[in-house]
Amino acid sequence: MTKNGNNSAAAFLPESHDLESLRDAAAGCEGCGLFRDATRTVFGEGAERARYMLVGEQPGDQEDRQGHPFVGPAGRVLDRGLDEAGIDRDEVYVTNAVKHFSFTDRGKRRIHKKPTAAEIDACRPWLEAELAAVRPEVVVVLGATAARSLLGRAFRVTERRGEPMPMGEALAVATVHPSAVLRAPDRDAAYAGFLADLRIAAGAVHRTR
Ligand code: URA
């Protein structure tokens, strides 16, 4: 619950919306219940004026422990894809639709739990503020949770992946989440599709210039 009783991060946003102020304020966010069990807020990271913004679902176990987005197994798939698509890390800002790790305790293991629609909606003010601060040329939407947050609940990644779509001043390109590549029965085929979508995103950045 927020200070005003709503399920939203809105009341925690600082007056100044530069990335540093946003990151500092997000560290104290209690806009939904996830802050209670997560170790910390994992805010977005990357270049202040990045040309690409990559939006994932939520921090995983490693991200929650280390405090940085995409540093676990999914991050390794993402790094490889960016490299092979020719997307320069210096031009990338990486973040998540939800900034706290959502999980179920199974003994010593913490099993990833998909964030609810209410948690995605509650966290959207941070994502919107990041978009406004970075003003990327291309937004890469990684999987269904990011798509729900940015493109609406009716959007289907499977139907519209790899298709540049106007999103404010930017172009959005949706693709599967890198974790889905790791879980796919045919990992090579899933990775090839993911890479093809990233290459479309890399091409789209030039078209917005
Ligand atoms: N999955 C995500 O969506 N984001 C991360 O930061 C890590 C795994």
If you check ARG110 against the conditions, is it open to solvent by 70 Å² or more (accessible area, probe 1.4 Å) and not β-branched (Val, Ile, Thr)?
no
Every residue from the stretch 148-171 that is open to solvent by less than 30 Å² (accessible area, probe 1.4 Å) and modelled with pLDDT under 95
none
Can you name the residue in the stretch 22-41 that is small (Gly, Ala, Ser) and farther than 14 Å from ALA11 by Cα and is also surrounded by the fewest Cβ atoms within 10 Å (Cβ to Cβ) among such residues?
GLY33
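Quick grid of which residues meet (1) within 25 Å of PRO14 (Cα to Cα); (2) in contact with a Ser or Thr (Cβ under 9 Å, 6 or more places away or on another chain); (3) touching a residue at least 40 places away in the same chain (Cβ under 8 Å):
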| position | (1), (2), (3) |
| --- | --- |
| TRP126 | yes, yes, yes |
| PHE155 | no, no, no |
| PRO185 | no, no, no |
| VAL205 | no, no, yes |
In the stretch 172-193, anything open to solvent by less than 30 Å² (accessible area, probe 1.4 Å) and either farther than 14 Å from GLU159 by Cα or outside any helix (DSSP H, G or I) (or both) is listed as ALA172, VAL173, ALA174, THR175, PRO178, VAL181, ALA184, ALA190, TYR191
Can you say whether GLY143 is among the small types (Gly, Ala, Ser) and open to solvent by 10 Å² or more (accessible area, probe 1.4 Å), as far as the supplied structure shows?
no
Just to be sure I understand, how many residues within the stretch 12-29 are within 19 Å of the chain's Cα centre (by Cα), in a loop (DSSP other than H, G, I, E, B) and more than 17 Å from ARG65 (Cα to Cα)?
4
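The values are calculated or read from the model by the stated rules, or taken from the named source; none is laboratory data. Since we're looking at a predicted model, the values are computed, not measured. All Cβ positions, glycine included, derive from the backbone under ideal geometry; neighbour counts span all protein chains shown. Side chains included, ligands, DNA and RNA excluded: accessible areas come from the protein's heavy atoms. Shrake-Rupley method; radii C 1.70, N 1.55, O 1.52, S 1.80 Å.
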